[in-house]
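Report on one structure; see the data block that follows.
What follows draws every value from the coordinates through simple rules; no lab data is involved. Note that the coordinates shown come from a computational prediction; the quantities given were computed from them, not determined experimentally. Ideal geometry is used to build each Cβ from the backbone, glycine not excepted, and the neighbour counts take in all protein chains shown.
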Amino acid sequence: MGGRESSPFQAHVDMQAVNKWFGALHVLRDVTLKVRRGERIVICGPSGSGKSTLIRCINGLEVHHAGRIVVDGVELNDDARTIDQVRRGVGMVFQQFNLFPHLTVLENCTLAPIRVKKATRTAARDLALHHLTRVRISDQADKYPSQLSGGQQQRAAIARALCMNPKIMLFDEPTSALDPEMVKEVLNTMVSLADEGMTMLCVTHEMTFARQVANRVIFIDAGRILEDEAPEAFFDTPKHDRTRAFLSQILH
Amino acid sequence: MTRHGRPAPMFRDWTNTIATIVLGALLAYVAYSFVQWGVVHAIWRLPDGASSIMCRDVRGEGACWAVVVERARFMLVGGYPIDEQWRPYAVCLLFVALYAASLVRTLWTRWLLAFWIAVPVVAVVLLRGRWLGLTDVPSEFWGGLPLTFLLSTAGFTMALPFAVLLALGRRSTLPAIRALSVGYIEVVRGVPLITFLFMAAVMFPLFAPQGVNVDKLLRAQIAFIMVTAAYLAEVIRGGLQAVPRGQYEAAASLGLSFWSAMMLVVLPQAFRVSIPPLVNTFIALFKDTSLVIVIGLFDLLGAAKAVIVDPKWVGFGVEVYLFAAAVYFAFSYAVSRFSLRLERELQRAAGTA
Amino acid sequence: MIPYAHGTAPPMRTTPRRVSWTDPRVRAIAWQLAVVAALIAVIATVALQTAINLRARGIASGFDFLTRPAGFEIARGLLPFSSRDSYTRALLVGLLNTVRVSLLGIAIATSLGLLIGVARLSGIWIVSTVARVYVEVTRNTPLLLQLLFWYTVTQALPAPSDALNPLPGVYLCFRGLFLPAPIWHDGFPWIDLEQPTLVGFGFQGGTSVSPEFAALLVGLSTYTAAFIGETVRAGILAVGRGQAEAAAALGLSRLHALRFVVLPQALRVIVPPTTSQYLNLFKNSSLAVAIGFPDLMSITNTTLNQTGQAIEAIALAMIVYLGISLSLSAGMNLYNRATLRRGGTA
């Protein structure tokens, strides 16, 4: 697949002057973003600012209308094969988990490896149990999503994405739908992923997580990237008034 | 104050008491008259050699159940040759077993689906007999309950795949495919079912090449499939709408193709939501198969109607129709009770999710 | 295909490429072309074959038959009709009969359905039970069976010579129901009642309801009433219990609470499914053909049997039924939208 040159200077995700509209609404304005291999990016911004749209463009859930997006050496266009190829290397975790309610946790995890990667049932099962162990819910493997707590569901969703052995993980507000006491278990899972060198793009308002894990924090407002800084610089010396206003709201 | 849903105790205040007494008296009178007619003065069977004059003498005062007793076999299996009657009875048993198995939730597997396809096929093979080395019985001689079961079961199973395609087509982003699906669904649902049966009876033969004579039963079956597909498509569309968008996105982000996502993720969920309305559509189809009598096929109702055309039994329609109604009722009521229970169970399951 | 992407049409392509099968836009067009082409091929084949068959059997085509005399009689309807009148007029008589029985049926089914729905929720055990039994029996047997049953019942009535005479001038026999009819004339009191009188084997004068019409009307409206009753029940149950309790706390009687608080809110839930019940009743009126009432479908059936022009006759009937169905549902959609705009949530 992609990633033929594994030089650390090669951008893993490369967005150049990306624009997108929802009808008349201009949701992404000239977004340019380079993510190197192993980087952990936190994206934040007020609601409706386009942060979810931005990461959804990376795996082609949203079509971008102008500009270039290159993911792991593959340029996204509207060719179905390209989109499939990109999606195989990019995992995604959703705010609402989006586990398949009619399948057990284990079946959720083995579905795509068996159907997309043509893995054998036993191989897929072993892989799934490996990742479920990694997120510490292997004991729940035979339960249905509705029998799990929110935090467990989200960890199962992370395991499901990991089963495709992605090189890049996208997180779209993974903790926003969780009760506060469950946020931590999910964040811990994400921290351990980061420690293993996974390239991560994470839309979140968890600023502690950003400080602890991210190597860059991006602030986006009205479809435009306003800040792109290391966490220390971002939190201590924000450049824009909008960022300061946002941070004061978020951090009380 | 009103309390909905649960009937209150029998006597609450004086209006209730009066209503209960008045209505109760009325009901008691109706019940009394019915028992007088249907039991006390009724004739259950004619002595050997007696003619139906005996029944005519009590007309208006007593029911003539003798017509039902004497003609029940004809109504249940139609004009099928007497020597081969075990075949339609076996077919009835097969279908009843299929329905009974479908009511058990633990049996809901791929196998059940396979049986819904297999049982009608076996039924046709057994009724025809030719391929089994049995006496060949052409479909003109098939009738009664096996015909009702066959038309409704095969109609439902064969309509399902078309219905899925129509439902997906109606939600498609491709304008031509959407327009065709919407057009088909709306036209079929906008005209009476009977027009399609007339089409099957008189128009299909005009479409077929010379010399090709498609069996009338098969033509009626095709009409039922065409119509049922449109109604089922709307049911499935409802189910598809109930599947949240996040499910499509999650499937896509895992790299599943459109058809894989549909078959593995979306449709299984859509079907689960749609089971109660699917069952209701089946009941409606089960009852609607009775319309085949207008094109001269003898299903249960057709056979009943044929009985009272017999000069011997002319004038005993009420008894005959009550019998036929009882048979239809037994099936539809059982299935609809099940559907109701299922709906509650599924709602409860959704509530805990 | 990009079934997942729901953006608006991209104003710009990300990369200019040549036509490729993996381009979703190419696939979309190819799919549609393939389906449309297959459809056209099927229709063309069938049309060609049909033309050959028609010629071989010497069946005419086209709608010329519409102006020819029908040659059959139709029992008295809203329009006078004789066998010398054209097929067009015959079909029109049938259509008017269909409309008449549908409108009357809708009116009766609505009132009866409302009664049944409220009775189903009655606190009086015997009332709710009777309503429930009625609904279950009616819904779980085929409508056609019920129509045949009602027709059989009318045929079990006495002969005209022994006709039942429950009220002066009203006669009931297996030939139908005969009633006095008002006759307008000059001079006071301008109106007279004409009594039906027994002549030979039937009644003359006054007005009458044929047994076929009566059976169809009774069958259609009692059947549909059961379904409407269930939507009414569901609608009332959808209004929260708090509403009825609040009405009771204000001192409204049960009847008033139902009339002024619960029903107006329930109506919003009740109207859409009831609309489709009206449509069903209209379409089901075509079962008239099984008991010999001359509705549009019966006349169509006679026409196609006499002329052999099945395609034209059935197409005509389909267009008329479809036209009325679609306009009825369009009208009801407008009404629904208007009610939705008027009020908030129940």
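Couple of notes before you dig in:
- Zone of A:ARG68's modelled label, taken as backbone nitrogen in segment A:34-52 under 18 Å from a point 7 Å along Cα→Cβ: A:34-37
- Averaging the sequence gap over all C-alpha pairs within less than 8 Å and six or more residues apart, then dividing by the number of residues, gives chain C a relative contact order of 18 percent.
- Segment A:PHE22-A:LYS117, extension gain: residue separation times 0.36 nm, minus the distance between their alpha carbons: 30.9 nm
- For the pair C:TRP21 and A:GLU196, a Förster radius of 51 Å applied to the C-beta separation gives a FRET efficiency near 0.85, rounded to the nearest 0.05.
- The spacing between segment B:125-164 and segment C:119-144, judged by their C-alpha centroids, is 34 Å.
- Extension gain, B:TYR29 back to B:ALA334 (0.36 nm per residue minus Cα-Cα distance, nm): 106.9 nm
- For segment A:191-204, Karplus couplings with θ = phi - 60° (6.51, -1.76, 1.60), whole Hz, Gly/Pro x: 4, 5, 5, 4, 5, 8, x, 5, 6, 10, 10, 10, 8, 7
- Against the empirical 2.2 N^0.38 Å (N residues), segment B:40-104 has a Cα radius of gyration ratio of 1.56.
- Looking at the protein assembly as shown alone, DSSP beta bridges between its own residues are antiparallel in about 65 percent of cases.
- Relative contact order of segment B:152-291, pairs being alpha-carbon contacts under 8 Å that are 6 or more residues apart, as %: 32 percent
- Of the two radii for segment C:172-231, the radius of gyration is 1.21 times the Kirkwood radius, both from the alpha carbons; that is the Rg over Rh value.
- Cα centroid separation - segment A:83-134 against segment B:165-212, whole Å: 40 Å
- For the Cα trace of the protein assembly as shown, dividing Rg by the Kirkwood Rh returns an Rg/Rh value of 1.04.
- Neighbour counts of other Cβ atoms within 10 Å put C:HIS185, A:HIS205 in the fewest-to-most order C:HIS185, A:HIS205.
- Value of D in µm² per second that Stokes-Einstein yields for chain A, Kirkwood Rh from Cα pairs, at 20 °C (1.002 mPa s): 115 µm²/s
- Integer Hz, Karplus 6.51/-1.76/1.60 couplings in order for segment C:163-176, x for Gly and Pro: 3, 5, 9, x, 10, x, x, 10, 10, 10, 8, 6, 7, x
- Set of lysines near A:LYS51 by C-alpha distance (under 25 Å), chain-local residues within fewer than 8 positions excluded: A:LYS20, A:LYS34, A:LYS167, A:LYS184, A:LYS239
- Remark: mean inter-chain Cβ contacts per residue of B:16-23 equal 3, using a 10 Å Cβ-Cβ cutoff to other protein chain atoms.
- Under conditions of 10 °C and 1.306 mPa s, segment B:194-347 yields 84 µm² s⁻¹ as its translational diffusion coefficient, taking Rh as the Kirkwood radius over Cα pairs in the Stokes-Einstein equation.
- A cut-off of 5 Å between modelled amide H atoms, ignoring neighbours fewer than 5 places along the same chain, links A:THR199 with A:GLY38, A:MET169.
- Ranking of B:THR135, C:THR154 by count of other Cβ atoms within 10 Å, fewest first: B:THR135, C:THR154
- Using the alpha-carbon positions of chain C, Rg (one decimal) and Dmax (whole number) come out as 27.7, 91 Å.
- At 0.692 mPa s and 37 °C, Stokes diffusion of segment C:271-316 via Kirkwood alpha-carbon radius, µm² per second: 281 µm²/s
- Label separation (A:SER176 vs C:ILE52): 6.4 nm, computed from points 7 Å beyond Cα along the C-beta direction.
- Across chain B, the mean sequence separation of Cα contacts (distance under 8 Å, 6 or more residues apart), normalised by length, yields a relative contact order of 18 percent.
- Legend: calculated FRET efficiency, C:THR129 to B:VAL69, from the Cβ-Cβ distance at R0 = 41 Å, rounded to 0.05, equals 0.85.
- In sequence order, calculated HN-Hα J values of segment C:40-57 (Karplus, 6.51, -1.76, 1.60; Hz; x Gly/Pro): 4, 4, 4, 4, 5, 4, 4, 4, 4, 4, 4, 4, 4, 4, 4, 4, 4, 8
- Its residue count N fixes a reference of 2.2 N^0.38 Å for segment B:72-121, and the Cα radius of gyration divided by that reference is 1.39.
- Shape box of segment B:154-231 [Cα atoms, principal axes, largest first, Å]: 42, 23, 21
- Distance between the pseudo-spin-label points of C:ARG68 and B:GLU343 (7 Å out from Cα toward the beta carbon): 5.1 nm.
- Taking amide H atoms as placed 1.01 Å from N in the peptide plane, the amide H of C:GLY176 has no partner under 5 Å among residues 5 or more positions away or on other chains.
- Estimated inter-spin distance, C:SER111 and B:ARG171, nm [label 7 Å along Cα→Cβ]: 4.4 nm
- Between segment A:27-66 and segment C:262-332, the Cα center-to-center distance that results, in Å: 55 Å
- Based on the convex hull around the alpha carbon atoms, segment B:138-192 presents an average projected area of 5.2 nm².
- Radius of gyration over Kirkwood radius for chain B, both on Cα atoms: the Rg/Rh ratio is 1.04.
- Here r is the Cβ-Cβ distance between B:LEU93 and C:ALA181 and R0 is 60 Å; the resulting FRET efficiency, rounded to 0.05, is 0.55.
- Taking 0.36 nm per residue of separation and subtracting the current Cα-Cα distance, fully stretching the chain between B:ARG59 and B:ILE117 would add 16.2 nm.
- In plain terms, the residue of B:TRP116, B:TRP111 with the fewest other Cβ atoms within 10 Å comes first and the most crowded comes last, giving B:TRP111, B:TRP116.
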